[in-house]
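In what follows, a structure is listed as structure tokens, so that the remarks can point back to it.
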Amino acid sequence: MSKSTLYTPLDRTAETTLYRQIEEKLENYIRQHDLPEGSQIPSLRTLANALGTNGLTIRRALRELSHRGMLVSRQGRGTFVCRHAARPKVLWVCAADLFGGDISPYYLLLLERCQAECAAVGFTLVPLWLGASDSSQAEAYCTDDHIREYAGFMFITSRTHPLLQYIQERHLNHVHLTCEQEVRPRTVNSDYAGAIQIGVEELVKRGHTDISVFEFGDLGGIPAASLRDCPIATDCIQIPTYRRMSECERAGYIATRQLLEAGRLRHGIFVLDDIVAKGVTRALLAHCSAPADTYDIIILTVTQLVIPAGLPVTYLTYDVNKMVEAMARILVDQIRGSTEGDSHYLCKYTIHSDTADCQASAGDSPIHIQRRQPNMEREDETHTSLVRPQ
């Protein structure tokens, strides 16, 4: 876009207000010329004269661009381009709840890798935390004023998230990371069901015929469906989801301690969350009288936080770098108009072992144990109530 294009007349019959038209002209001018930080844009008087409007309208357009971080005004000197203003933006939306700054290392890792991948292909990533408890805020964000400045969107949410649905209804560029098993265009799926199958098969290879599976109670039935045809008996310990990671860890600790005291913890243990696994392994070290090497522990994780000394731990994980590369590739293909933008990617899990420290923390929770016999649909359920410590 040349300056002559920047100065083309405004459309006074359009529904779009004049200051919005000016804002769009300036934004396109900055991005198409890839103006570096510190570049000065034409003065307010020059723009007003060229576009046939008054200084108040120009000033409002400049103020909007300043609020969006594209421009900065310096008194007596003019208006200048901010750092990265020329780079198109991607909005990164994560449905994790922020509670006292308590964020899962998994989401922080995803954010870090997504930022790096977007920067490598010429985009600036803007993070937005809109958790499950922020539905009203998410709905309030569903306006054209909020989303118009972004070239695309990355979602780490459920598919019912209000902002994701809003973006999909408008056929805007987006990619969705999910553990849901339905493969759809513009999605990156972590093969959660496949991971559960791999973990169970590994425990079967090690000679276990009866295992304990620790799962969150809000995973949409994926663990139950994956274990339905399991060739061995399983005790599924359902852990409620808490907002604080320390509470999730404590839930795993309390549940494991109670199972040990009741003699119900199996020697094949499969934990479907690494934060819960920290509590499980702490309880084993503190309260188990049997030798540590009599247990086989498999932890489904990406961050690999839990490897306590003295316990044999096997990790079930996937390559987060490849997953993020796939997200970026699908989104960039959409932005650039490629048909590959409607593709999908499936992240496969692999098994391996490692070593690290098990950290302590503190909350409690009731647990729900479902006993599943091999290849049987009928389930005997046992409810275990936990006493909250004073």
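Filtering region 129-136 for residues that are at pLDDT 80 or above and in contact with an Asp or Glu (Cβ under 9 Å, 6 or more places away or on another chain) leaves a non-empty set.
Note on region 166-180: among residues that are in contact with a Gly (Cβ under 8 Å, 6 or more places away or on another chain) and within 27 Å of residue 149 (Cα to Cα), the one that is surrounded by the most Cβ atoms within 10 Å (Cβ to Cβ) is 175. Annotation note: Cβ proximity below 7 Å between a residue of region 24-47 that is over 12 Å from residue 62 (Cβ atoms) and assigned by TED's automatic domain parsing to the domain that holds residue 71 and a residue that is of a type in the set (Phe, Trp, Tyr) and surrounded by fewer than 17 Cβ atoms within 10 Å (Cβ to Cβ) (sequence gap 6+ or interchain) occurs for 38/80; 39/80; 40/80. Would you check if there is a residue in region 311-324 being closer than 30 Å to residue 174 by Cβ, touching an Asp or Glu at 6+ places or on another chain (Cβ under 6 Å) and not in a loop (DSSP other than H, G, I, E, B)? Scanning region 311-324 turns up at least one residue that is closer than 30 Å to residue 174 by Cβ, touching an Asp or Glu at 6+ places or on another chain (Cβ under 6 Å) and not in a loop (DSSP other than H, G, I, E, B).
Note on region 266-276: among residues that are modelled with pLDDT of 90 or more and among the aliphatic types (A, V, I, L, M), the one that is farthest from residue 297 (Cα to Cα) is 276. The set of residues in region 60-81 being outside any strand (DSSP E or B) and surrounded by 17 or more Cβ atoms within 10 Å (Cβ to Cβ) consists of 61, 62, 64, 65, 70.
The sole residue among 183, 200 that is crowded, with 17+ Cβ neighbours inside 10 Å and outside the structural domain of residue 31 (by TED's automatic domain parsing) is 200. Small (Gly, Ala, Ser), in contact with a strand residue (DSSP E or B) (Cβ under 9 Å, 6 or more places away or on another chain) and more than 27 Å from residue 123 (Cα to Cα): is that true of residue 43 in this structure? So residue 43 passes the test.
The values are calculated or read from the model by the stated rules, or taken from the named source; none is laboratory data. What you see is a predicted model; the values in this text were computed from it and never measured. Note: ideal-geometry Cβ built from the backbone for every residue, glycine included; neighbour counts use all protein chains shown.
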